[in-house]
Amino acid sequence: MVRVTLPFHLRNLAQTEQEVQLSVAPPVSVSTVLDALEAAYPVLKGTIREHETLKRRAFLRFFACGEDISTEDPGRSLPESIANGTEPLMVIGAIAGG
Amino acid sequence: MSQVRVLVGTKKGAFICTADAQRRDWNIEGPFFGGWEMYHLKGSTVDPNRIYASQSSGWFGQIIQRSDDGGKTWATPGSTPEELKSPHGFPQGESNKFVYEGVAGTHLWYDGTPHPWEFKRVWHLEPSLTEPDVVFAGVEDAAIFKSSDAGRTWSELPGLRTHTTGKDWQPGAGGMCLHTILIDPTAPDRMWVAISAAGCFRTDDGGKTWKPTNKGLVSNFMPNPEAEVGHCVHRIASHPSKPDTLFMQKHWDVMRSDDAGDSWTKVSGNLPCDFGFPIDVHAHEPETIYVVPIKSDGEHYPPEGKLRVYRSKTGGNEWEPLTKGLPQQDCYVNILRDAMAVDTLDDCGIYFGTTGGQVYVSPDGGDNWSAINEHFPAVLSVEVQTLK
């Protein structure tokens, strides 16, 4: 299972815990993980990436194994430790607004 | 026993305040959706227990929430509260999909260059006056959307945004927002919308086609002050018994129209300053109107540090300050465009909220004021429901 951690407001919106576990068929990438997340929690559609364009929202970032992968190709395969659930894919809200 | 329910949208959540007809002792519930910007909440007049709410965030975008029990419980439309009760229940609703019809195109940016139309948030929700499942949404960048399934899905009424003047619309300081939707109670296919900074528009065919209704408006910040579009209209209001008469608080100038917006005349009269945001009409006196003068477009606080509502009982031109119970020194709050409302009790109650977090009520048409609460987050919107 792939583990995904969500920021405070999104876990409240989805009425879930900080971390969710998802079954994701290979290849495991940011795109396929978010597809699975949105399928499991439809209310999150449009909150992490835009409707239609699937572009990452400007104030959100993705971290994997301590690396900021926000600007990488979302179709690129994630590290094995993310794919096998050893490490979570982190969705993080940017610190903005003071 | 009559009751009032005040719906308060703030920068950090929503609150619901209730009182009996005396409007003296208030019960406050909330925050709902704590930490989110609640631009607007509005109840259906057909089914007052149905309340729509716009929940948004610069981080996470737009969410629409709906309550069918007067604000006790909420869900994103598409999920029922029962579905959320199971251990694995979670909101199914995908009610936040606001996608422009066709190729969105461009409008003008602040610097006059073309800028792509981009959806940002819902500023205003206007439930139908006849059908509880129909609701309209005014959004930024300016467009109007309609839902016919109680907020579950949304479709643009593209005739407005694709009007021939749309490419020339520019944002105001708060963004290019469609912030006001007025439905004619005598002819539901006739509606007015107001956009900052494009102006006022009217449809007579349920939103298929729109006509700019800005004749008589003068905006000196524009190269052509009397242009067909480009005016920063802050708010329009009308009385249900006189739908052809509209009142407008423009960026500067208070205006009125007696021909459904086809032409406007200035009625600022003896106001100390005619810049401001909200305007509203007494529930039982169609020529009694209310504004809150603000010092200037560069100084968004009351003149002289005195918070004064101004009332005209003559439909404009002759205004009187209403001060009893409002701070008359060192007050530097603003009152935003959607933050004033009236109830329909007899005597009519007037309500407004401030960026300083106060919500005031006058249970006697403006003569006396008191605070429902003085310590909300900055207030974005105030609506009131009169419950019989």
Rounded to whole angstrom, the alpha-carbon centroid of the range B:181-235 lies from that of the range B:1-61 at a distance of 28 Å
Ordered by fewest other Cβ atoms within 10 Å, a rough proxy for footprinting exposure, B:300, B:107, B:179 read B:300, B:107, B:179
For residue B:250, the residues 5 or more places away or on another chain with a placed amide H closer than 5 Å to its own amide H are B:234, B:255
Fewest-first ordering of B:191, B:1, B:38 by Cβ atoms within 10 Å yields B:1, B:191, B:38
Going residue by residue through the range B:205-216, the Karplus relation 6.51 cos²θ - 1.76 cosθ + 1.60 with θ = phi - 60° gives ³J(HN,Hα) values, rounded to whole Hz and with x marking Gly or Pro, of 10, x, x, 6, 10, 9, 10, x, 10, 10, 5, x
Per the C-alpha gyration tensor (a ≥ b ≥ c, the square roots of its eigenvalues), the range B:281-376 is rounded if a/c is under 1.5, else prolate if a/b beats b/c, else oblate; here it's oblate
Distance in nm between residue B:332 and residue B:263 label points, each 7 Å along Cα→Cβ, equals 4.4 nm
Residue B:173 and residue B:11 label points (each 7 Å along its Cα→Cβ direction) are spaced in nm at 1.4 nm
Among B:127, B:7, B:301, the residue whose Cα sits farthest towards the positive end of the charge dipole of the protein assembly as shown, when +1 is placed on the Cβ of each Lys and Arg and -1 on the Cβ of each Asp and Glu, is B:301
The rounded separation in angstrom of the Cα centers of the range B:324-373 and the range A:1-51 is 43 Å
The simple spin-label model distance between residue B:155 and residue B:224, using points 7 Å out along Cα→Cβ, in nm, is 3.5 nm
For residue B:258, the net charge from surrounding residues (Cβ-Cβ under 15 Å; K, R +1; D, E -1) works out to 0
So the FRET efficiency between residue A:25 and residue B:323, C-beta based with R0 = 60 Å and rounded to 0.05, is 0.35
Within the range B:1-86, DSSP-loop trypsin sites (Lys or Arg not before Pro) with at most 13 other C-beta atoms within 10 Å are B:24, B:72
Put in order of increasing Cβ neighbours within 10 Å, starting from the fewest, B:115, B:40, A:9 give B:115, A:9, B:40
Of all chymotrypsin sites (Phe, Trp or Tyr not before Pro) in the range B:178-224, the ones in DSSP coil with at most 13 other Cβ atoms within 10 Å are B:221
Everything considered on the Cα gyration tensor (a ≥ b ≥ c; rounded for a/c under 1.5, else prolate if a/b is larger than b/c, else oblate), the range A:2-93 must be described as rounded
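Computed from the coordinates by the stated procedures, all read-outs in this text should not be read as laboratory data. From a predicted model like this one, the values you see are computed outputs, not experimental measurements. Cβ coordinates were reconstructed from backbone atoms using ideal geometry, including for glycine residues, and neighbour counts include every protein chain displayed.
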